[in-house]
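Here is the structure we will look at, set down as structure tokens.
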């Protein structure tokens, strides 16, 4: 407990100052090293990376932010006034508290139950606390708390030992015990973790909302963290709670949520004791075409949420009531490994439930809630477009682009962090890189999990599940997951490679040359008769504005069909044709019918000179309807003279 209380909930001023100096130095480097041409309007790669996709992603994020502000500033204050007014004269007829603990330090258990029992005593409602514990020493701690508080007459504590197979079986047993007490529609259930400390007034300030809306099925509250860890760990938790607050507030405007957090959520007891509800908590599973039928290990909060969503019960987020979690990474010395392990469990629970929730359709939950679930599936791919394009462009097109991308990351994440800080009430410079880590690292992890969401583990309880018992079947599942993941990501990568110009699809010129080389569509005699005007015309049109068309060494025939082929094109973009300056040289054989269109440096036509030598300084000219084209580094001869 001393480790949790030894520091504040945020980073120290030394860490903040270091982050500020590093950010200032990075900005100076970026501004001085950033070439002006990076922001050229012709930079399609830049527009793709931070324009179209960025506008889409951040417009959706700002929709969530605006809805969050509207809920907190305009909608919720009215709800709070109604709840407080009715809560002052009415109360639930019974309160049941389900608190699950597994190998939690005695000091934390004491603090949790002391806050809970004090608040339940002050609330005055007949309360039964079901303590699902894992160690007999927890009983001594809780009895000591009851004694410290004078054994309140309105509170009863029942103990239940967990089996060590996760929370679900313990929760189901408690719910069955509550059902035997015949709860009414005015009876309420609080489900909370054994490492969550509620603040004074949490129960009356949250449960009163059930009194003003008979169709409210469940609610959850705001969260804070009491962290045992370094500054980065503290800010990582606080940033996640700030992001949660924004999304929860936005979703509550639609009277639905995306999860009912297991840390602290309240339900109507009569709903939570429905046989179908209890069975879903205990035996929730999914039938998948690749994984078969597998049972969920964790994610009970997703199961309870899905049951309420399916049965069209309203849900609510209470932003002005905070519960504090005693948070600690599984391995305090390995930040990235520990956070990835936690996110893997959270995202796995999301994927195991969101698919069937999306299948309920927008009519069941409203379009905004439904689309938010769909967006969870889309965003894991769209988030990866920006960094992937930045890497491709930096490596293969324009190395300086990495400076523009870093500047974009700092700009967008600083704005997003500022919006989060505005609603959270505090800001940290560490939020900027941590937000990028959560987004991009989380997206990579989500794409990985989406093909392997049957694999489950719970670090605190040391249990895992989801894969077949047969090692060969498990290997087959893993191999197929790897192949599907590679196929999907390879498809995205291929599209981006083509889009940014790292690899271009065959153009008309390339196809024409390939056709000539393979002899497709015409005989060799026809090829010799027709010459090369077809592909040369296409090359003149496909080249960038004012660019060059390079002719190969050896003989190239410019036959009489050139005028006709050029007439088929919308525009001729090339400004010159350049031959092979070294030996073997390029020899351009020009048909007699168009010989008057070719002039030497003295403006004499080929029909007169019969032969020309064109250099870079003394270039020749091909006259077309669209304008002159320079001929450089080649010898030009009249074709009839070579017959």
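The values are calculated or read from the model by the stated rules, or taken from the named source; none is laboratory data. Keep in mind that what you see is a predicted model, and the values were worked out from it rather than measured. Backbone-built Cβ (ideal geometry, glycine too); neighbour counts: all protein chains shown.
Does at least one position in region 146-156 carry a residue that is in a strand (DSSP E or B), at pLDDT 95 or above and touching a helix residue (DSSP H, G or I) at 6+ places or on another chain (Cβ under 6 Å)?
yes
Does region 284-294 include one or more residues that are in the same structural domain as residue 246 (by TED's automatic domain parsing), within 30 Å of residue 182 (Cβ to Cβ) and out of contact with any strand residue (DSSP E or B) (no Cβ under 6 Å at 6 or more places or on another chain)?
yes
Please go through region 149-173 and pick out each residue that is crowded, with 19+ Cβ neighbours inside 10 Å, in contact (Cβ under 8 Å) with a residue 60 or more places away in the chain and over 17 Å from residue 104 (Cβ atoms).
168
Residues of region 616-640 being out of contact with any helix residue (DSSP H, G or I) (no Cβ under 9 Å at 6 or more places or on another chain), at pLDDT below 90 and not in a strand (DSSP E or B), which ones?
616, 617, 618, listed by residue number.
How about region 177-211: which of its residues are surrounded by fewer than 16 Cβ atoms within 10 Å (Cβ to Cβ) and in contact with a helix residue (DSSP H, G or I) (Cβ under 8 Å, 6 or more places away or on another chain)?
The answer is 184, 185, 199, 200, 201.
Looking at (1) more than 22 Å from the chain's Cα centre (by Cα); (2) part of a helix (DSSP H, G or I), which is the only condition residue 322 fails?
(2)
When region 483-505 is examined, which residues are found to be more than 20 Å from the chain's Cα centre (by Cα) and at pLDDT 90 or above?
Residue satisfying the conditions is 483 alone.
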